[in-house]
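K.L.:
Submitted below is the structure of interest, expressed as structure tokens.
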Amino acid sequence: MKKFLKILMFALAGAALAACSGDDEKKNTKLLTFHVANDRTLSSGLTRKNVTMPFSGFTVLMNEDQFMYTGDIKKIDLAQVTLIDGPITGFLFTCNDRGKRRLMQSTAANMGGYIVVMYGGEPIALRKIDSVISDGALFAHIEIPKDRDVAKFYEELSKSVDTVEEIKKEKNEGSTLSW
């Protein structure tokens, strides 16, 4: 009987650990954060820090408080824009309704600045704010080290957006609020 209880106990512990592994993956999901930055030290303060882009080496003074995060993004696409100098590959972030409002407000208030996209605390993309973005579509130039595979990295970012969306849905389903 003791042996049976031990086996049962280990089986239950194993099942509990297996059930938690999916939750651990969700808890360990890296987040995308979107920050406003300037290339000059206009308003240095406690909530600003210098960030150097890993690919171009360009340094900006970034506000540490994000104005958007992964939960404000509906989807991510790899996109290419053709300029006079040639094509530029970047990420096209499509915002949900909340993200559209935040993106429009931040771009309107910070004309001439930059948007720094961080992933897990590391800079991955940069965008000069040259107009108010009101349609919720943000194209940002990829700023990842040359040794990283862009396609695999894109898949990782997409998975992060999907995971955060799942977490938001689970929280909404568990909500007891009624309107």
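The values are calculated or read from the model by the stated rules, or taken from the named source; none is laboratory data. Here the structure is a predicted model, which is why all the values come from computation and not from measurement. We place every Cβ from the backbone using ideal geometry, glycine too, and count neighbours over all the protein chains shown.
So that you can scan it fast, the table gives a plain yes or no per residue for (1) basic (Lys, Arg); (2) touching a residue at least 12 places away in the same chain (Cβ under 8 Å):
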{"position": "Ile115", "(1), (2)": "no, yes"}
{"position": "Ile124", "(1), (2)": "no, yes"}
{"position": "Lys128", "(1), (2)": "yes, yes"}
{"position": "Asp135", "(1), (2)": "no, yes"}
{"position": "Ile142", "(1), (2)": "no, yes"}
{"position": "Ala151", "(1), (2)": "no, yes"}
{"position": "Ser160", "(1), (2)": "no, yes"}
{"position": "Lys169", "(1), (2)": "yes, no"}
{"position": "Asn172", "(1), (2)": "no, no"}
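K.L.:
Pick out the one residue from Met111, Met104, Met118 that is among the aliphatic types (A, V, I, L, M), surrounded by fewer than 12 Cβ atoms within 10 Å (Cβ to Cβ) and assigned by TED's automatic domain parsing to the domain that holds Val51.
P.N.:
Step by step, each of Met111, Met104, Met118 is checked, and only Met111 is among the aliphatic types (A, V, I, L, M), surrounded by fewer than 12 Cβ atoms within 10 Å (Cβ to Cβ) and assigned by TED's automatic domain parsing to the domain that holds Val51.
K.L.:
Just one of Ile167, Ile124, Ile133 is in a loop (DSSP other than H, G, I, E, B) and surrounded by 13 or more Cβ atoms within 10 Å (Cβ to Cβ); which is it?
P.N.:
Ile133
K.L.:
Among the residues of the stretch 122-144, how many are under 11 Å from Val36 (Cα atoms) and touching a Gly at 6+ places or on another chain (Cβ under 7 Å)?
P.N.:
1
K.L.:
Could you run through the stretch 51-91 and say how many residues are surrounded by 13 or more Cβ atoms within 10 Å (Cβ to Cβ), over 12 Å from the mean Cα position of the chain (by Cα) and among the aliphatic types (A, V, I, L, M)?
P.N.:
So the answer is 8.
K.L.:
Only residues that are among the polar types (S, T, N, Q) and either in contact with a Gly (Cβ under 8 Å, 6 or more places away or on another chain) or not assigned by TED's automatic domain parsing to the domain that holds Asp162 (or both): list them for the stretch 85-101, please.
P.N.:
Once the filter is applied, which keeps residues that are among the polar types (S, T, N, Q) and either in contact with a Gly (Cβ under 8 Å, 6 or more places away or on another chain) or not assigned by TED's automatic domain parsing to the domain that holds Asp162 (or both), the stretch 85-101 yields Thr94, Asn96.
K.L.:
Let me ask another. Can you tell me which residue in the stretch 99-121 is farthest from Asp39 (Cα to Cα), limited to those that are among the hydrophobic types (A, V, I, L, M, F, W, C) and assigned to a strand (DSSP E or B)?
P.N.:
Applying the filter and picking the extreme gives Met118.
K.L.:
I've got another one for you. Out of curiosity, is Ile167 among the aliphatic types (A, V, I, L, M) and within 20 Å of Val60 (Cβ to Cβ)?
P.N.:
no
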